Amino acid sequence: MVAVFNKELLSWYLITLKLRETVEAGIANSPGSTSSRDLQLRPLQRQQSQTQPPPDQQRLTLQESSFSQSHLISINGDDENVKEEREVTNPMESDWAISIREKLEQAHQDHEAASWAKLCIYRVPQYLRVGDDYGKADKAFVPQIVSLGPYHHGRKNLRDMDRHKWRSLHQILKRTHQDVKLYLDSIREVEEKARACYEGPIPLSSNEFVEMMVLDGCFVLELFRGAAGGFEHLGYSRNDPVFAMRGGMHSIQRDMIMLENQIPLFILDRLLGLQIGNPNQRGLVAKLALPFFDPLTPTDEPLQNSDRNKLEYSITPFDPLIDKDGLHCLGVFRQSLLRRGPGPEPHASRNWMKWRSHAVRVADKRRQQLIHCVTELREAGVKFRKRKTDRFWDIKFENGVLWIPRLLIHDGTKSLFLNLIALEQCHLDCTNDITSYVIFMDNLINSPGDVGYLHYCEIIEHWLGSDAEVADLFNRLCQEVVFDINDSYLSRLSEQVNRYYNHRWNAWRASLKHNYFNNPWAIISFVAAVVLLVLTLAQTFYSVYGYYWPNS
């Protein structure tokens with residue numbers, strides 16, 4: 001701001017300003033006159049007319065406005081750049097309203113049913129990621145070697161696998177004598193359908209998205225076909241760093257089973273159909289995926305010949321053509337886990353559960369306790385036995401004996417269970433069978449001692465460092481998971497076990513067995529004590545009898 005030092009100049013400036021205000025006031029009062037100042041003041045007058053103030057107040061407002069403008073001019077001292085104060089509030093409010101309308105329009109588009117109908121590949125919710133206090137939860141959901149799909153596309157630590165993806169595509173084109181344009185055009189036809197399978201907007205152009213689908217899909221198919229028929233048959237060297245059954249294949253399998261690292265199954269079916277000359281084929285990719293992911297199965301129960309014969313007649317075959325949850329490889333693998341081996345279907349008790357629950361209950365974190373731990377159940381007389389079946393979730397309770405199939409725990413079990421649980425938490429059409437099983441086992445295992453006893457019963461076999469790590473694994477798997485226990489296939493079994501646990505006679509009998517029949521020496525001592533007690537009672541009886549009836 002420029003200060004005015006010349007008093008004479010200041011006087012002439014004030015006189016000129018006063019004359020200007022007088023002339024403008026006279027012109028404004030003359031009828032039919034229009035000035036540039038009137039044009040500038042019309043927006044302000046229109047805004048003020050909405051409230052309909054008295055005319056005297058209107059003149060006062062204009063005079064106050066003129067005074068504030070003249071005051072600004074005298075302070076700034078820059079006549080050439082003088083700009084009268086204009087209405088600023090209305091333009092700002094208009095831009096704000098436009099922004100609100102744009103956001104509402106975007107919300108309307110996001111709410112359209114068509115944009116959610118095919119959603120099946122989700123981002124793992126944040127409440128599942130923060131369940132690990134050691135900061136390792138993300139490793140169970142984020143790939144470490146290979147990325148599939150858009151969620152982790154272009155990550156710096158995963159770019160090394162891109163050149164092997166291009167090798168797989170080149171090998172397919174060389175083997176089938178086809179042009180890559182055939183694959184690109186075919187996938188472009190279903191681009192919108194494929195985008196709808198993923199959650200949220202995908203920041204990739206049409207060409208980038210189609211290229212990614214073709215490249216990742218062909219890479220997956222080469223791995224599936226190589227695991228089923230041999231990589232050398234597909235033209236790869238036995239020393240190939242990726243396309244060979246090496247130790248690193250386990251890490252690739254673990255990455256490919258993650259929820260955020262999936263490709264829609266119909267994309268894989270279409271790409272495989274182009275390779276074999278049958279674009280309309282369905283279900284073949286699912287059949288190829290099962291042998292590839294079989295090493296991740298959390299059981300390796302060796303069945304006897306008699307059990308194998310029973311298995312052939314009682315197995316419910318997995319048919320990818322009729323399966324509704326076969327949306328991607330993780331969904332296919334989950335359905336295969338739930339349908340393997342002899343025994344009843346996992347939903348056999350659902351009719352009973354629906355009859356019992358007359359209303360839909362809200363999931364309650366406080367009601368996830370299905371059963372007591374192993375130590376407490378043993379004190380109540382419950383026995384634990386291994387059940388010979390390859391369906392790890394098929395648990396039974398009969399005559400005080402809890403039959404639990406064998407469970408194999410390795411370094412990939414945690415990632416597998418977490419991603420299966422995340423799928424069941426996110427996808428509406430998925431049942432909560434895996435979640436129910438994991439929570440049931442979490443209730444059983446509260447300490448390393450519980451793990452040790454289950455290991456003694458050959459129910460749990462693990463490759464981890466200690467029993468404490470196994471107990472910690474189960475205690476953290478469902479730490480933030482909430483589900484309705486009335487919708488669990490193990491609810492009825494849990495109630496049977498709890499009724500047995502609450503029966504006092506069972507607890508007394510178990511206490512007697514644990515305290516006096518836990519080893520041979522205790523049994524001998526107990527028998528000797530009983531014999532001594534019987535002899536003492538007999539001696540007492542004959543003494544009393546001889547005293548009262550001596551002649552007898």
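Throughout, read-outs are computed from the coordinates displayed, never taken from laboratory work. Quick caveat: nothing in here was measured; it's all calculated off a predicted structure. All Cβ positions, even for glycine, are placed from backbone atoms using ideal geometry, and neighbour counts span all protein chains on display.
Would you mind computing, in nm to one decimal, how far apart the modelled labels at Leu184 and Phe526 are, each placed 7 Å from Cα along Cα→Cβ?
8.0
Please order Ser436, Ser186 by the number of other Cβ within 10 Å, starting at the fewest.
Ordered by Cβ neighbours within 10 Å, fewest first: Ser186, Ser436.
Could you pull out every residue, at least 5 positions away or on a different chain, whose amide H is within less than 5 Å of the one on Arg387? Hs are placed 1.01 Å off N in the peptide plane, and Pro or chain starts have none.
For Arg387, the qualifying residues are Ile404, Arg406.
Quick one: if you stick a label point 7 Å off each Cα along the C-beta vector at Cys457 and Asp300, how many nm between them?
Reported label-point gap for Cys457 and Asp300 is 2.3 nm.
With an 8 Å cut-off on Cα pairs and a minimum separation of 6 or more residues, tell me the relative contact order of the range 387-426 in percent.
Across the range 387-426, relative contact order equals 31 percent.
In nm, give the distance between the simple-model label positions of His503 and Thr16, each being 7 Å from the Cα along the Cα-to-Cβ direction.
Calculated label separation equals 11.0 nm.
Using Cα-Cα distances under 8 Å and only pairs 6 or more residues apart, what relative contact order does the range 368-510 have, in percent?
Once divided by the residue count of the range 368-510, the mean separation gives 35 percent.
Using 1/(1 + (r/R0)^6) with R0 = 51 angstrom and r between the beta carbons of Glu495 and Asn157, what's the FRET efficiency to the nearest 0.05?
With a Förster radius of 51 Å, E is 0.60.
Arranged by the count of other C-beta atoms within 10 angstrom, fewest first, what order do Phe209, Phe224 take?
In order of increasing Cβ crowding within 10 Å: Phe209, Phe224.
Exceeding 29 Å between C-alpha atoms, which entries from my cross-link table qualify? They are Lys118/Lys386; Lys139/Lys165; Lys139/Lys396; Lys156/Lys414; Lys139/Lys386; Lys118/Lys174.
Lys118/Lys386; Lys139/Lys396; Lys139/Lys386; Lys118/Lys174
Please give the contour-minus-distance gain from Val544 to Glu376: 0.36 nm per residue of separation, less the Cα-Cα distance, rounded to one decimal in nm.
Roughly 55.8 nm would be gained on extension.
Choose one of Met441, Leu464, Gly400: the residue whose Cα lies farthest towards the positive end of the charge dipole of the range 368-510 (beta-carbon charges +1 Lys, Arg; -1 Asp, Glu; about the Cα centre).
Of the candidates, Gly400 comes out farthest on the positive side.
Can you tell me the relative contact order of the range 142-296? Whole percent, Cα pairs under 8 Å, sequence separation 6 or more.
Relative contact order comes out at 32 percent.
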